[in-house]
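The values are calculated or read from the model by the stated rules, or taken from the named source; none is laboratory data. Everything numeric here is computed off the predicted structure, so don't read it as measured data. All Cβ positions, glycine included, derive from the backbone under ideal geometry; neighbour counts span all protein chains shown.
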Amino acid sequence: MKILQSSILVFSLLSLMVACTPEANNSKEFTINTVLTASGPLFEGSNTCQAEISSNIAEYIKENGITKEQIVDVTLTSAAATIDTSNLNLLESINLQVFSDNFPMQNVAFANVEDNSEKVDLEVADVQEQLKAILFDGKSYIIADATIKEDLDDDLNLNMELVFSINYHKK
Amino acid sequence: MKKIITLIGALALLFTISSFTSSPASVQDGGDDIIGLWEPSNGKARVKIEKIGSKYYGKIVWLREPIDPATQKPKVDKNNEDEKMRNVPLRGYRMLKDFVYDEESKEWSGGTIYDPESGSLYSCVITMKNDVLDIRGYVGVKALGRTDTWKRIKIKKKN
């Protein structure tokens, strides 16, 4: 009888814990447009294009009546790069990473670049952690490790459009 | 005589100003000593360490064997836990991430090292002595880790 009572108690506690865990049932799209730059001259191989994000995500959620506490997670849903016409056949691949002063760097998207592509849609990572924390941190950064096929005397600019999904639960 | 004293004074002032402005060491953080090109003890790769924001990162810029014998294509991060990220080339891969320099202990810590051959990620601490890096990777307890020694590669500047 005691075992039965204990089992019921444990089951009830587990059910309560599951019920209390916030689950996202709403989402909003949030877009960051930024230019990532690697200062030339650049050598053949991997070069780092970077930008500091002044993400206005805090203002955005405020405008939409969402509090930070309601947000369960933030995920990158798409990433696209537009390449200068002068550099169309220069790029081999783009590996996109984000981080902030207080949270570690993580790969979020990648693409092999076909010749003559003006716009490149990157494949977004399945494993994304702490994006919410990174975007809400004081200083956050986006970097693209761009592999180029030959030396370049000028700067390399990548125009990036990053679309995030802010997943939150209702009050 | 007055002119000579003024001239000596001006020269002394100029020397003082230039000693504060022209020496790279005076404007650099001690942590920046790690910036450069390094080779692990097995000689299989070369890693360029750079600073982004306030942290240090190292990426593979050269591989002794860049082609995967199984695919006959450039090596990629085939052991990544995320299937979608398994096409990322190893040349250009950031294997050292998020190191912060501690002026007191003279070490770079708080970062991770990734072993692309196994797909394993380790906590890591780096110390430097005479242009040699001691890279200690560990899981959980630092004392139970393994240290590899990396030597600095001098870069010949292109004309």
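Miscellaneous remarks
- None of A:75, A:48, A:85 is of a type outside the set (A, V, I, L, M), out of contact with any Gly (no Cβ under 7 Å at 6 or more places or on another chain) and free of Cβ contacts under 8 Å to residues at least 40 places away in the same chain except A:85.
- Residue within the range A:53-72 that is at pLDDT below 95 and within 12 Å of chain B (Cβ to nearest Cβ) present: yes
- One residue from B:74, B:89, B:66 being closer than 25 Å to residue A:111 by Cβ, at pLDDT 90 or above and touching a Ser or Thr at 6+ places or on another chain (Cβ under 7 Å): B:89
- From the list A:40, A:65, the lone residue that is touching a Leu at 6+ places or on another chain (Cβ under 7 Å), surrounded by fewer than 19 Cβ atoms within 10 Å (Cβ to Cβ) and assigned to a loop (DSSP other than H, G, I, E, B) is A:40.
- Top-ranked residue in the range B:66-96 [being within 21 Å of residue A:78 (Cα to Cα) and polar (S, T, N, Q); ranked as nearest to the chain's Cα centre (by Cα)]: B:80
- If you go through the range B:55-73 and keep only what is crowded, with 16+ Cβ neighbours inside 10 Å and either out of contact with any helix residue (DSSP H, G or I) (no Cβ under 7 Å at 6 or more places or on another chain) or of a type in the set (Asp, Glu) (or both), you end up with B:55, B:57, B:58, B:59, B:60, B:61, B:63.
- Hits in the range A:78-111 (condition: under 19 Å from residue A:38 (Cβ atoms), touching a helix residue (DSSP H, G or I) at 6+ places or on another chain (Cβ under 8 Å) and either among the polar types (S, T, N, Q) or surrounded by fewer than 17 Cβ atoms within 10 Å (Cβ to Cβ) (or both)): A:107
- Test for residue A:165: is it within 9 Å of chain B (Cβ to nearest Cβ), touching a residue at least 24 places away in the same chain (Cβ under 8 Å) and polar (S, T, N, Q): no
- Flag if residue A:114 is closer than 22 Å to residue B:85 by Cα, away from chain B (no Cβ under 13 Å) and surrounded by fewer than 22 Cβ atoms within 10 Å (Cβ to Cβ): yes
- Hey, residue A:102 in a loop (DSSP other than H, G, I, E, B), touching a residue at least 12 places away in the same chain (Cβ under 8 Å) and farther than 21 Å from residue A:45 by Cβ or not: yes
- Flag if residue B:113 is in a strand (DSSP E or B) and touching a residue at least 60 places away in the same chain (Cβ under 8 Å): no
- Among the residues of the range A:117-151, those identified as without any contact (Cβ under 8 Å) to a residue 40 or more places away in the chain, exposed (fewer than 13 other Cβ atoms within 10 Å of the Cβ) and away from chain B (no Cβ under 11 Å) are A:118, A:119.
- Top-ranked residue in the range B:81-109 [being at the interface with chain A (Cβ under 9 Å from one of its Cβ atoms) and not in a loop (DSSP other than H, G, I, E, B); ranked as surrounded by the most Cβ atoms within 10 Å (Cβ to Cβ)]: B:94
- Residue within the range A:128-151 that is polar (S, T, N, Q) and more than 20 Å from residue A:31 (Cα to Cα) present: yes
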